[in-house]
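One structure below.
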Amino acid sequence: MSKKQAILILFLTTVLLASGCLGDSGTKISISGNETEINVNISEQAEGNWCPAGSQVQIKNPTTGKALNMTVTGTEEFGNKTLCKAMIITGSEENNTGYEYMWSQDKNTTVWTKYGEDGNISLRYVYEDGKKTIINGEGRLLEFGVRP
């Protein structure tokens, strides 16, 4: 599975998680193919909750053992907004990369953060009300979009 396919599946699952259209007992979904296993576990508290903490998605290549794991951890303040936060780990047990994905309920704010092996931020992308900002690990900014 390509990274684009994994990101697309992850995005679609995030939309499902945020929609709140789930049963009271939560939902578990597993899909297997020749090259991919997808497991989704949506927590019981997801009904009507735009940020279903505890929900998980795993996309795994059974041949290579490489996997992408996403867990919704709950809400977090970012600037003056409350965002839903998910942690994403991709790679293998020996070599993995961590990402943090946060989004607002109105979907006008999105933050992607990539962490290096040392645990420090290596790249952050912020989309907030039409303005895009990219910040590298050294704190340098690239801004584009809406101007004041």
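Look at GLY91 and say whether it is open to solvent by 60 Å² or more (accessible area, probe 1.4 Å) and not acidic (Asp, Glu). No, not satisfied.
When restricted to residues that are closer than 16 Å to ILE89 by Cα, part of a loop (DSSP other than H, G, I, E, B) and open to solvent by 70 Å² or more (accessible area, probe 1.4 Å), the stretch 100-130 contains 3.
Taking the stretch 58-83 as the range and being in contact with a helix residue (DSSP H, G or I) (Cβ under 7 Å, 6 or more places away or on another chain) and modelled with pLDDT of 90 or more as the test, only VAL72 passes.
Evaluate the following for ASP129: is it over 15 Å from PHE78 (Cβ atoms), among the acidic types (Asp, Glu) and over 16 Å from the mean Cα position of the chain (by Cα)?
On the way: over 15 Å from PHE78 (Cβ atoms): no; among the acidic types (Asp, Glu): yes; over 16 Å from the mean Cα position of the chain (by Cα): yes.
It is false that ASP129 is over 15 Å from PHE78 (Cβ atoms), among the acidic types (Asp, Glu) and over 16 Å from the mean Cα position of the chain (by Cα).
If you go through the stretch 50-87 and keep only what is touching a Lys or Arg at 6+ places or on another chain (Cβ under 7 Å) and of a type in the set (Asp, Glu), you end up with just GLU76. Checked against (1) open to solvent by 40 Å² or more (accessible area, probe 1.4 Å); (2) closer than 15 Å to THR113 by Cβ; (3) in contact with a helix residue (DSSP H, G or I) (Cβ under 8 Å, 6 or more places away or on another chain), TRP50 meets all criteria but (2).
Looking at the structure I just gave you, is GLN5 modelled with pLDDT of 80 or more, over 22 Å from LYS132 (Cα atoms) and not β-branched (Val, Ile, Thr)?
Working: modelled with pLDDT of 80 or more: no; over 22 Å from LYS132 (Cα atoms): yes; not β-branched (Val, Ile, Thr): yes.
It is false that GLN5 is modelled with pLDDT of 80 or more, over 22 Å from LYS132 (Cα atoms) and not β-branched (Val, Ile, Thr).
The values are calculated or read from the model by the stated rules, or taken from the named source; none is laboratory data. Values in this document were obtained by computation on a predicted structure and should not be read as measured data. Glycine also receives a Cβ, built like all others from the backbone with ideal geometry; neighbour counts cover every protein chain displayed. Heads up: the accessible areas ignore ligands, DNA and RNA and are worked out on the full protein's heavy atoms, side chains in. Shrake-Rupley method; radii C 1.70, N 1.55, O 1.52, S 1.80 Å.
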